[in-house]
Amino acid sequence: MVYLNRIYTKTGDTGETSLGDGSRVPKTHSRIAAYGGVDELNSVIGLGIAAGMPEELATPLRRIQNDLFDLGADLCVPVSPEPSEYPPLRMTESQVTHLEKLIDSFNARLQPLTSFILPGGSVASGHLHQARTVCRRVEIGVVHFTLSMGGAHALTAVYLNRLSDLLFVMARIANDEGRDDVKWVPGANR
């Protein structure tokens, strides 16, 4: 359980912040950027839901928002070979599998693509495409952090990779199951 009795602590006033294990790092650290990106992604998804996302999409997205907090918590605590008195919250295979089942279920309703599509169509689809692009950027940040610094749980990047695929499929569902997708026409404006 999280208990927040004060919102400002003044401990970050000098440009450092605490990780979940209590260690201090600069706010510019790639770990902070990684879980800050997850927070941004969660906000973009929340905005899409608030804008009137169809309930069949809003319901799984609410669960995903909770998973994204788990993912941020996972990134906030460095991976350590040492046992911890309080084991950190880590992403699980079942969270990834849940996304895969959603992708398969929604994708079964869509015709195969014959062209790349442009972000947009319906308002809901536009929000989902925006969330997808933010998700891809966040995934790149997590992979960059993992490759350059180490110490990130492997399933964080896997979860984000599946989530961006799901958001793409959901964006097509929000476009009347792909019938209102806006197709890319190569060289159309030459």
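The values are calculated or read from the model by the stated rules, or taken from the named source; none is laboratory data. Given the structure is predicted, the values throughout are model-derived calculations rather than measurements. Counting neighbours? That spans all protein chains shown, and the Cβs are built from the backbone with ideal geometry, glycine included.
Which of the following residues is out of contact with any Cys (no Cβ under 8 Å at 6 or more places or on another chain), exposed (fewer than 14 other Cβ atoms within 10 Å of the Cβ), among the hydrophobic types (A, V, I, L, M, F, W, C) and more than 30 Å from Val185 (Cβ to Cβ): Ala58, Ala108, Ala73, Ala50?
Ala50
Identify all residues within the stretch 85-100 that are exposed (fewer than 12 other Cβ atoms within 10 Å of the Cβ) and of a type outside the set (Ser, Thr, Tyr); write none if there are none. Scanning the stretch 85-100 gives Glu85, Pro87, Glu93.
Counting only residues that are out of contact with any Gly (no Cβ under 7 Å at 6 or more places or on another chain), closer than 21 Å to Gly46 by Cβ and among the basic types (Lys, Arg), the stretch 126-181 holds 3 of them. Flag not set for Thr97, criterion: closer than 23 Å to Ser30 by Cβ, polar (S, T, N, Q) and free of Cβ contacts under 8 Å to residues at least 60 places away in the same chain. For the stretch 174-190, the set of residues classified as on the phi < 0 side of the Ramachandran plot and either of a type outside the set (Val, Ile, Thr) or surrounded by 12 or more Cβ atoms within 10 Å (Cβ to Cβ) (or both) consists of Ala174, Asn175, Arg179, Asp180, Asp181, Val182, Lys183, Trp184, Pro186, Ala188, Asn189, Arg190, listed by residue number. Considering the conditions (1) out of contact with any Ser or Thr (no Cβ under 6 Å at 6 or more places or on another chain); (2) part of a helix (DSSP H, G or I), Pro78 is excluded by exactly one of them, (2).
For Ser115, state whether it is out of contact with any Gly (no Cβ under 9 Å at 6 or more places or on another chain) and without any contact (Cβ under 8 Å) to a residue 24 or more places away in the chain. It is false that Ser115 is out of contact with any Gly (no Cβ under 9 Å at 6 or more places or on another chain) and without any contact (Cβ under 8 Å) to a residue 24 or more places away in the chain. The residues of the stretch 158-190 that are of a type outside the set (A, V, I, L, M, F, W, C) and part of a loop (DSSP other than H, G, I, E, B), listed by number, are Asn175, Asp176, Glu177, Gly178, Arg179, Asp180, Asp181, Pro186, Gly187, Asn189, Arg190. Exactly one residue among Arg31, Arg90 is outside any helix (DSSP H, G or I), under 15 Å from His153 (Cα atoms) and touching a helix residue (DSSP H, G or I) at 6+ places or on another chain (Cβ under 9 Å), and that residue is Arg90. Residue count for the stretch 106-160 satisfying the condition of being among the hydroxyl-bearing types (Ser, Thr, Tyr), more than 11 Å from the chain's Cα centre (by Cα) and closer than 23 Å to Ala174 by Cα: 4.
Taking the stretch 136-148 as the range and being modelled with pLDDT of 90 or more, closer than 17 Å to Ala73 by Cα and not β-branched (Val, Ile, Thr) as the test, the residues that pass are Glu139, Gly141.
Taken over the stretch 125-157, residues that are surrounded by fewer than 16 Cβ atoms within 10 Å (Cβ to Cβ), in contact (Cβ under 8 Å) with a residue 60 or more places away in the chain and either of a type in the set (S, T, N, Q) or part of a helix (DSSP H, G or I) (or both) amount to 4. Answer with yes or no whether Leu110 is touching a residue at least 40 places away in the same chain (Cβ under 8 Å), part of a helix (DSSP H, G or I) and touching a helix residue (DSSP H, G or I) at 6+ places or on another chain (Cβ under 9 Å). No.
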